[in-house]
Structure formats: structure tokens, C-alpha cells
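Before any comments, here is the structure.
The values are calculated or read from the model by the stated rules, or taken from the named source; none is laboratory data. Since we're looking at a predicted model, the values are computed, not measured. Glycine also receives a Cβ, built like all others from the backbone with ideal geometry; neighbour counts cover every protein chain displayed.
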């Protein structure tokens with residue numbers, strides 16, 4: 001993967017595939033070759049939906065009376081950062097914002113936090129203002145988990161939503177799903193995609209309107225970076241939850257865990273003046289906290305599975321208490337490992353930096369190490385970044 005130098009900027013796998021092996025180094029059966037082709041098709045499909053073209057020129061920050069930004073110093077290969085430091089660096093990467101040594105908020109930031117709380121605090125954010133989601137999404141997710149799911153029932157439910165019908169037919173008519181006989185019906189297309197392919201496809205309908213932050217001072221690159229995090233977080237959360245529950249619930253939780261950040265970026269683009277300058281650490285952490293709250297509210301509004309909602313609530317409350325559910329622990333650890341991976345890919349931390357030294361997910365260190373190694377294999381850090 002290549003990133004844009006100077007702008008600190010889901011390989012999707014089936015539930016049973018937690019480690020990546022390149023097609024060139026492994027021999028596949030005909031059925032496995034078809035699965036690899038489908039995985040590549042879904043990766044391209046999701047990325048096209050979740051990202052937008054970058055503008056020709058990004059606005060620059062107008063820094064007022066704030067301390068100058070300081071460059072990020074790489075930690076030694078064997079040195080772990082704190083959870084707070086990892087999150088601060090990650091959200092600055094998402095926003096394309098330089099590092100700052102300022103911890104306490106400026107008076108202008110305190111005033112802005114009060115205004116943001118008026119929009120996003122408690123239940124004041126209008127979830128109904130979010131772009132439309134397929135009305136059949138909750139029923140479809142439940143049916144996909146049911147043993148009674150079959151091609152005819154799935155096609156009947158999908159047929160109630162023209163957007164889903166169009167996407168199912170478009171994807172299955174691509175070259176990666178080409179069959180001897182053309183796809184002539186919705187049921188045929190549903191069977192061709194399979195339940196796993198359908199799960200991955202409908203998930204993007206949850207994420208598309210949130211991760212695609214509106215154009216503005218922050219929104220140009222943030223959508224791509226949030227997508228990159230979602231892809232990695234879903235992968236590693238599913239790895240960590242293996243044997244502890246439904247792999248798709250872990251995948252779904254990983255994809256949506258930073259959805260509220262996209263909504264917060266829209267609000268910041270609309271409300272925060274450029275003269276606010278480079279954010280202090282307190283201000284940035286407060287915005288991220290509001291984003292976690294919006295993620296939970298959106299998940300409840302979308303009627304996502306109860307286990308996913310509970311894991312998102314545990315993640316939101318992590319400052320008060322550690323997670324106790326298996327999915328909550330996997331999500332908290334996966335979120336942080338995905339952040340570290342993206343920071344490493346953008347040369348903001350060392351490639352071999354371990355998880356935070358103060359993590360509270362409660363998972364064994366050996367399990368965290370294996371998950372991080374699997375993530376690094378699946379999303380290799382490249383050294384040939386170009387402008």
C-alpha cells in the first residue's frame with residue numbers, strides 16, 4: 001500500500017482466514033481460486049464506496065495564538081507508547097494535523113467544546129439527519145445469522161430495497177463473479193454472492209454515509225483514513241474474537257467503531273473556524289470521546305446486533321471501567337492495534353512498536369502479539385512511499 005508523503009494519512013478476509021498468504025506463494029484448488037477472486041472484488045467494491053477522490057489542493061491551517069507544532073519523534077523499536085499517545089497521534093493522522101505539545105485547551109477551544117456539546121452531547125445530535133440507510137438492514141442482518149436463511153428468503157427481503165437490489169446485481173455481474181450463464185435473477189445473484197459476501201456488502205451501507213465526511217478543512221482525506229482503520233480494525237477484531245462468538249459480529253463492530261468520528265468531522269468542518277489552529281491534546285481527545293458517543297447512538301438507531309452495541313458501549317466507557325465481554329475486549333484491543341498499524345504504515349511510529357503499555361483489554365499478551373503479527377502480515381508496511 002502506498003500513501004502520500006507529507007500528509008500523515010478492510011484486506012477483507014473470510015471468517016476462517018485470519019492470516020494472509022499471497023496467491024503467488026500458495027497453490028489453490030479451483031474453489032479456492034474463486035474465493036480469492038471474490039475477496040478481491042469485494043475489497044475493490046468497498047474501497048470505491050467508502051472513499052472519494054482527493055482534491056487538487058488542501059486548505060492549510062491558519063494557526064493563531066497557539067504553541068507551534070512539534071515534529072513526531074519515532075519511538076524506539078521496542079518502546080511502547082501510552083494508549084492516550086497512540087490515540088492522539090492517530091486522530092491527528094486522520095485530520096492531517098501536525099503534532100502539538102499543548103495539553104490544556106485554549107479559551108477558544110473551551111468555547112468550541114461547549115458549542116460542540118450543544119450539537120452532539122447527550123441525545124441532542126439528530127441521528128435522523130444521517131443519510132438514509134436501507135430500511136431492511138436490521139432484518140437482513142438477523143436473517144443472515146439465522147439457520148433458516150436461504151437464497152429465496154434473502155432475495156425476497158433484499159427485493160424490498162431498490163438500492164440493495166442494484167448493488168447486488170451490479171457486483172455479481174462484474175468480471176470476478178462471471179459464470180457460464182448470465183445472472184438472470186436476484187435469487188441467482190444472492191446465491192452467487194453467498195452469505196459471507198452479502199454480509200460484507202450490506203455492512204458498507206452502514207458505513208458509507210458516516211465515513212465519507214463532507215468536503216472541508218478536515219474532510220478531504222479523513223474518509224480514506226477512517227476507511228483504512230475500519231478495514232484493519234475489523235480484521236484484527238475478528239482474529240481476537242475467534243472462538244469467542246460470532247465472527248461477523250466482531251467484524252461489524254470493528255468496521256463501525258469509529259463511525260461517529262466521521263460525523264464529528266462534519267460538525268468540525270461546519271462549526272470550527274480555521275483560526276482555531278492546531279488542536280490541543282485535550283480538545284482532540286474530547287472530540288474523539290464525542291465521536292464514540294455518536295457511534296453508539298448510530299448503532300442503536302441502525303438496530304445493529306445487541307452484542308455489537310454492548311461492545312461499542314464498553315469502548316465508550318473505557319475511561320471509567322474496562323470491558324468485560326469477549327467482543328468488547330476484542331474490539332478495544334483491535335481498535336488500538338489498527339491505529340498502531342496505520343501509524344506505522346505512515347512512518348509515524350516504528351514498524352515493530354508493540355501495543356500500549358497501559359492497555360486494559362484484559363487479553364493475554366501472547367494473544368495480542370499473535371494478532372499484531374497477523375495484522376502486519378495482512379497489511380504489510382511498505383518503504384517505497386511516493387508523493
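A few points about this structure:
- Among the candidates 257, 287, residue that is surrounded by 22 or more Cβ atoms within 10 Å (Cβ to Cβ), within 15 Å of the chain's Cα centre (by Cα) and at pLDDT below 95: 257
- Filter result for residue 324 (in a loop (DSSP other than H, G, I, E, B) and modelled with pLDDT under 95): no
- Residue 348, sole failed condition from (1) modelled with pLDDT of 85 or more; (2) under 30 Å from residue 194 (Cα atoms); (3) in a loop (DSSP other than H, G, I, E, B): (2)
- One residue alone among 300, 382 is under 22 Å from residue 231 (Cα atoms), in contact with a helix residue (DSSP H, G or I) (Cβ under 8 Å, 6 or more places away or on another chain), at pLDDT below 95 and part of a loop (DSSP other than H, G, I, E, B), and that residue is 382.
- For residue 161: the one exception among (1) at pLDDT 80 or above; (2) over 20 Å from residue 257 (Cα atoms); (3) touching a helix residue (DSSP H, G or I) at 6+ places or on another chain (Cβ under 7 Å); (4) surrounded by 15 or more Cβ atoms within 10 Å (Cβ to Cβ): (3)
- Looking across 147, 118, 109, 99, one residue alone is part of a helix (DSSP H, G or I) and either at pLDDT below 90 or surrounded by fewer than 19 Cβ atoms within 10 Å (Cβ to Cβ) (or both). It is 118.
- Looking only at residues in the range 170-191 that are outside any loop (DSSP other than H, G, I, E, B) and modelled with pLDDT under 85, the one that is surrounded by the most Cβ atoms within 10 Å (Cβ to Cβ) is 172.
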